[in-house]
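Structure record follows, encoded as structure tokens.
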Amino acid sequence: MEKHHKFSIWYVLIGIWVVLIIQNYIASTYAVQTIPYSQFLNYLKANQVVEIAISENQIQGKMKIDSEEKKFKTVRVDPELSKMLEQYHVIFKGQIESTFLRDIFSWIFPLIIFVGIWYFLMKRMSGQQAGFMTLGKNKARIYMENELNVTFDDVAGVDEAKQELVEVIDFLKTPDKFTDLGGKIPKGILLVGPPGTGKTLLARAVAGESGVPFFSLSGSEFVEMFVGLGAARVRDLFVQAKQKAPCIIFIDELDALGKARGVGGMGGHDEREQTLNQLLVEMDGFDPKVGVILMAATNRPEILDPALLRPGRFDRHVLVDRPDKIGRMEILKVHLKQVKAADTINIERLAEMTPGMVGADLANLVNEAALLAVRRNQKEVGMPDFEEAVERIIAGLEKKNRLINIKEREIVAHHEIGHALVALSLPGTDPVQKISIIPRGIAALGYTMQVPTEDRFLMKKSELLNRIATLLGGRAAEEIIFGDISTGAHNDLSRATDTAKSMVKEYGMSSKVGQVYFAHEKRLGLLGIGAVESHDYSEATAEMIDREIQEIIANEYSRALEILKSREDILKKGAQLLLEKEKIEGNELQALMHDS
Ligand code: ADP
Ligand code: MG
Ligand code: ZN
């Protein structure tokens, strides 16, 4: 379709040329005769001029020569001069400066520029849009991949999800075996899980393992600028896929396309709805026996249109969850193969240091460690590189050269020791691993790194309260030591408040509010403008919730104050040590506690 655009400039130029020739021809045949001014005067004296029309610098008219009327025109000449010229019988004529070229340029140039811009825009658009001429012709063919060299071995730590997908691979390899037995194959498989857990990777691995073509599109790519285009694209995708069966169609980020219909903002969602409807129609219309398996991934299943999840559509859900410690070890092993790692690497220790990280974070971690090793001119990636990479990823980049004045450093040091001391004094808090006042990233001036010893799935009320106390420990320390508080605690406050809020509204941990769940908040808005939050409880309850949250925070703050007041000397000593060393280990602080 590129060809369609190349011609345009030439067509326009040829068109202009043709028009000019025709004009010229007409002018030469029918035009009035141009005569010198002197001749006009002669005709005038000979009484041959019949009528004239005078304009600023030209005279047009008719004259009669041998009883034949002729049109003429002549350019006027300064009347005084013309009298003299006549006296001396000079042939003279007026001349208007030709404006022909100027005229041409004055409209050809803008035209060329205009055409140029149009051409450029068309080209740009064809880049993303396939141009006006080919609306709806799918670009899915670009997305077909035949040789995927991703296998199940590349995806680690998600064994349950893999198990569920083995059957799909079997089917894609030998569809006949299944259909002969009359077995029912799932049509749509939805991979659900947090971002970075390997959903996309898993889908590709299924295609790689079964050796079938893989059509992949992301949900947002369906939602097009032109209404109707997305729907056409879906139709085309299924047509192409059926031709290539057995194969896999994979729609990544299904939530972009499959958001529940009929809610939300204005504009733009008409197109999405049409596309979604088309997808539903196509899903209903195809028979899995042809060997097309539809897979999709989302990290927000709760916002999907329920119609998508109905039986016969995406009815098989595969959870791709955050990896546990063993899972993280396996993922690390996969990615460590990509780098030259030292034998001294303790994978188990690395997995312990990275709770909550998902596959994508771990891949990034290995890469960061390798970069650090390169920067240090090492031959292999060693354990210290990994340790630093963990810190980097957790707390942002170390910025040793950022200057903080001495007073501020003191505040930060006491603040961090405050967190750490409260944590060490309370049971059920995560052990303090490191305390640092080396500024990192943009916001954090210091940090206290607490690492859970194990993956946690349940939290007790007392533990949550201890956690809030720990978060407030920083500010409490500032108050005790300096008698004043700083802005450094805003992140702590926000986290503490969130925890308290969840305790009251979600976990039923407030005796006054009771064992209720109040977190369904709906966003309602007129045409999406001025969305307001509405809740399903009374104003009185809302007030009570607010009061309970404030009370939890106030209680925990006074608890933190108490703990720190009784250990004020350790707080001071710890802060001193931290100011000296910039970074101390949790057990160094613990040693201080035992000494005194
Ligand atoms: P998602 O689609 O769930 O957001 P991706 O599949 O795009 O996550 O993962 C991004 C990258 O992270 C992958 O290319 C891979 O390098 C790494 N990764 C994620 N999960 C895993 C895993 N389970 N095993 C190995 N690598 C993983
Ligand atoms: Mg993905
Ligand atoms: Zn803090």
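The values are calculated or read from the model by the stated rules, or taken from the named source; none is laboratory data. These numbers come from a predicted model, not from an experiment. Methodologically, a virtual Cβ is constructed for each residue, glycine included, from the backbone with ideal geometry; neighbour enumeration extends over all protein chains shown.
Tabulated values for the structure
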| item | result |
| --- | --- |
| Condition broken by Phe314, with the remaining ones in (1) within 12 Å of ligand 1 (Cβ to nearest atom); (2) touching a strand residue (DSSP E or B) at 6+ places or on another chain (Cβ under 6 Å) satisfied | (1) |
| Residue that is farthest from ligand 2 (Cβ to nearest atom), among those in region 277-313 that are acidic (Asp, Glu) and within 25 Å of the chain's Cα centre (by Cα) | Asp305 |
| Matching residues in region 334-356 - criterion: being touching a Lys or Arg at 6+ places or on another chain (Cβ under 9 Å) and farther than 14 Å from Phe386 by Cα | Pro355, Gly356 |
| Considering residues of region 13-48 that are at pLDDT 80 or above and of a type in the set (Val, Ile, Thr) only, the residue nearest to Met84 (Cα to Cα) | Ile35 |
| Checklist (1) closer than 20 Å to Leu165 by Cβ; (2) free of Cβ contacts under 8 Å to residues at least 12 places away in the same chain applied to Lys337, failing item | (1) |
| Hey, Val166 modelled with pLDDT of 75 or more and not in a helix (DSSP H, G or I) or not | no |
| Residue match in region 376-391 (condition: assigned to a helix (DSSP H, G or I), modelled with pLDDT under 85 and crowded, with 19+ Cβ neighbours inside 10 Å) | yes |
| Count of region 287-324 residues which are farther than 30 Å from Glu454 by Cα and of a type outside the set (Lys, Arg) | 20 |
| Residues that are more than 6 Å from ligand 1 (Cβ to nearest atom) and either under 18 Å from the mean Cα position of the chain (by Cα) or assigned to a strand (DSSP E or B) (or both), drawn from region 186-205 | Gly188, Ile189, Leu190, Leu191, Val192, Pro194 |
| Subset of region 215-254 (residues that are within 16 Å of ligand 2 (Cβ to nearest atom) and either modelled with pLDDT under 80 or not assigned by TED's automatic domain parsing to the domain that holds Ala205 (or both)) | Gly219, Ser220, Glu221, Phe222 |
| Residue within region 452-467 that is within 18 Å of Leu577 (Cβ to Cβ), more than 16 Å from ligand 2 (Cβ to nearest atom) and touching a Gly at 6+ places or on another chain (Cβ under 9 Å) present | no |
| Test: residue in region 526-542 that is away from ligand 2 (no atom under 16 Å from the Cβ), assigned to a loop (DSSP other than H, G, I, E, B), at pLDDT below 90 and under 32 Å from the mean Cα position of the chain (by Cα) | yes |
| Any hit, region 158-181, residues being more than 16 Å from ligand 3 (Cβ to nearest atom) and on the phi > 0 side of the Ramachandran plot | no |
| Hits in region 149-205 - residues which are within 16 Å of ligand 2 (Cβ to nearest atom), of a type outside the set (A, V, I, L, M, F, W, C) and within 28 Å of Val281 (Cα to Cα) | Gly193, Lys199, Thr200, Arg204 |
| Residues satisfying the stated conditions in region 289-317, i.e. within 24 Å of Lys244 (Cβ to Cβ) and either among the charged types (D, E, K, R) or surrounded by fewer than 21 Cβ atoms within 10 Å (Cβ to Cβ) (or both) | Lys289, Val290, Gly312, Arg313, Asp315, Arg316 |
| Region 318-328 - residue that is assigned to a helix (DSSP H, G or I) and surrounded by fewer than 21 Cβ atoms within 10 Å (Cβ to Cβ) and, of those, nearest to ligand 3 (Cβ to nearest atom) | Lys325 |
| Sole residue being assigned to a loop (DSSP other than H, G, I, E, B), in contact (Cβ under 8 Å) with a residue 12 or more places away in the chain and assigned by TED's automatic domain parsing to the domain that holds Glu388, chosen from Gly312, Gly356 | Gly356 |
